[in-house]
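The values are calculated or read from the model by the stated rules, or taken from the named source; none is laboratory data. Everything numeric in this text was worked out from a predicted model, so none of it was measured. Positions of Cβ are backbone-derived with ideal geometry, glycine not excepted, and every protein chain shown enters the neighbour counts.
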Amino acid sequence: MPPPLRFLRIGMLKAIELKHISKTFGRIKANNDVSLDINHGEILALLGENGSGKTTLMNMLDGIYYPDEGQIFIDGKEVKITSPKVAFDNGIGMVHQHFKLIDVFTAGENIVLGLEGKMMLDMKQVNEKIKALCQKFGFKLDPEKKIYDMTVSEKQEVEIVKLLYRGMDTLILDEPTAVLTPQETDNLFAVLRKMRDDGKSIIIITHKLNEVLSLSERVAILRKGELVKTIKTKDATEGLLTDLMVGEHVKLAIERKMPIHPQVVLEIKNLTTVDEYGVKTLDNVSFQARSGEILGIAGVSGSGQKALLEAIAGLQKAESGSSIIYHYNSEPGEEKNRHLNEECELLGKSVKQIKALGISLAFVPEDRLGMGLVGDMGMVDNMLLRSYENGRGVFLKYKEPSELANRIKERLMVSTPSVKTPVRKLSGGNVQKVLVGREISSAPKVLMAAYAVRGLDINTSYTIYSILNDQKKAGLSVIYVGEDLDVLLELADRIMVLSSGRVTGILDARKTTKKEVGALMAADR
């Protein structure tokens, strides 16, 4: 029996060639004269800061956008990819960060949904074919399982198997490990290597340098819409890749010192919350947050992180029996006052009432414009909002909101035409910088941050880590929800792991391992 055609092509022709691709949105040049190729049986990592043009470039290969200039060749033949269907017809499929699955259908039903052919399919036959694919590549997918019963990693498997079932030879994965545990990431990589060995071409869009180095054969680096360099992974290091992404040398180091005289600031007991459907988002969560310490919160997306921070901030109602106690503690040299060694129950109090008690909480929410900032206002007016009710706080240090806005703009390198430009006109990363800068500048006792570096370039991310450490050294209690376990293990003093709304462990970040944290993230799922 002759070998499959794809194996005959390996080494003879490039699987895909992009030549001089450019794409403009208004005045923004998303991609500029990009030429890139991928081989058969290769994993290519596409690396770059947010806004560097990675996803736009791949969206053109997937038919979502059409290039303004340039050509695309598949196996040496020029192809006009004008839609995702044309991409599919040419063996190209993309798995996006947000899955496109119907929850009430099974995995098998989702995989064949929309395929041309008979109106009525023999699902038993379909499922057998799916099982054969899964066995070939190492998936552990049950084709008869409903989507609503699946973990995030299982849903991702459905998306990948859907492409394989439809005969895709080139697969594009956009940030595939963003919501996976370390163990799930290892399983995914094992599957991708088998797909590569079968002759598939795989392009991974990612920002995790350690994953790039462990998985890919080559790395293509984009910066400001242009291809900077394509190098063999064996010749790359984290430092080199970072320098190429940013365009200058970046020191990738997080300073972490031991907490000095930590005192309990927040004591959470049996915290339970439910969503609008009556489903528990937190289930009897108990822990302590201490001054001069960074408490990292780990967990796959949707494990209760959002509900936890919102409940502490007074933005979400908790169930009966829950308790959030704030402990007043004096600073060294601070005069004793009526609050010293007193406790205050925060549950049942509004944000305004909490402030009136002299309790300063700062919150950087996951929803930047929905909860954090007013999109139609500029930086100056958004600074003003933080101290509008009581007329004090930020202005004791900065006197004027415009001065604070300019300080944040300079320190965090916010890219904006003016501090009065509506923040909705800024990129997601710059909006995040404005929000983080404002909250940190309010001199809080407790700083809570959810995904504070999401959307930020590496250089600015490490600036944020440095600022969080500065707050810790100043005696603040910092609660940081992060999705990068490598960072949490370097930055935090303790790590609390959430899984399905429950605390599955609280670990010493200096002594634990990524594997141990990952196992707790997957518990009870």
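Just one of the listed residues (Leu141, Leu133, Leu115) is at pLDDT 90 or above, of a type outside the set (D, E, K, R), closer than 25 Å to Ile203 by Cβ and assigned to a loop (DSSP other than H, G, I, E, B), and it is Leu141.
Per-residue answers, yes or no, for (1) within 23 Å of Glu17 (Cα to Cα); (2) of a type in the set (Asp, Glu); (3) outside any helix (DSSP H, G or I):
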{"position": "Leu163", "(1), (2), (3)": "yes, no, no"}
{"position": "Gly167", "(1), (2), (3)": "yes, no, yes"}
{"position": "Ala178", "(1), (2), (3)": "no, no, yes"}
{"position": "Asp186", "(1), (2), (3)": "no, yes, no"}
{"position": "Leu192", "(1), (2), (3)": "yes, no, no"}
{"position": "Arg196", "(1), (2), (3)": "yes, no, no"}
{"position": "Gly199", "(1), (2), (3)": "yes, no, yes"}
{"position": "Ile203", "(1), (2), (3)": "yes, no, yes"}
{"position": "Glu211", "(1), (2), (3)": "no, yes, no"}
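Of everything in region 172-187 that is touching a Ser or Thr at 6+ places or on another chain (Cβ under 7 Å) and over 23 Å from Ala87 (Cα atoms), the residue that is surrounded by the fewest Cβ atoms within 10 Å (Cβ to Cβ) is Val179. Applying a threshold of 7 Å to beta carbon distances and a minimum spacing of six or more residues, or different chains, the list of pairs starting in region 349-365 at a residue that is in contact (Cβ under 8 Å) with a residue 24 or more places away in the chain and ending at one that is among the hydroxyl-bearing types (Ser, Thr, Tyr) reads Ile359/Tyr326; Ser360/Ser442; Ala362/Ser442.
Within region 401-421, which residues are basic (Lys, Arg) and at pLDDT 85 or above? Arg407, Lys409, Lys420, listed by residue number.
If you go through region 241-257 and keep only what is under 11 Å from Arg223 (Cα atoms) and assigned to a loop (DSSP other than H, G, I, E, B), you end up with just Gly247.
From the list Val517, Val481, Val503, Val497, the lone residue that is touching a Gly at 6+ places or on another chain (Cβ under 6 Å) and in the same structural domain as Ser427 (by TED's automatic domain parsing) is Val497.
What number goes with the only condition from (1) at pLDDT 90 or above; (2) within 28 Å of Met413 (Cβ to Cβ); (3) in contact with a helix residue (DSSP H, G or I) (Cβ under 9 Å, 6 or more places away or on another chain); (4) aliphatic (A, V, I, L, M) that Leu373 does not pass? Result: Leu373 passes all but (1).
Just so you know, in region 74-91 the residues that are assigned to a helix (DSSP H, G or I) and among the hydrophobic types (A, V, I, L, M, F, W, C) include one that is surrounded by the fewest Cβ atoms within 10 Å (Cβ to Cβ), and it is Val86.
Yes/no matrix, rows are residues, columns are (1) crowded, with 17+ Cβ neighbours inside 10 Å; (2) in a loop (DSSP other than H, G, I, E, B):
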{"residue": "His20", "(1), (2)": "no, no"}
{"residue": "Ser52", "(1), (2)": "yes, yes"}
{"residue": "Thr56", "(1), (2)": "yes, no"}
{"residue": "Tyr66", "(1), (2)": "no, yes"}
{"residue": "Ile72", "(1), (2)": "yes, no"}
{"residue": "Gly93", "(1), (2)": "yes, no"}
{"residue": "Lys124", "(1), (2)": "no, no"}
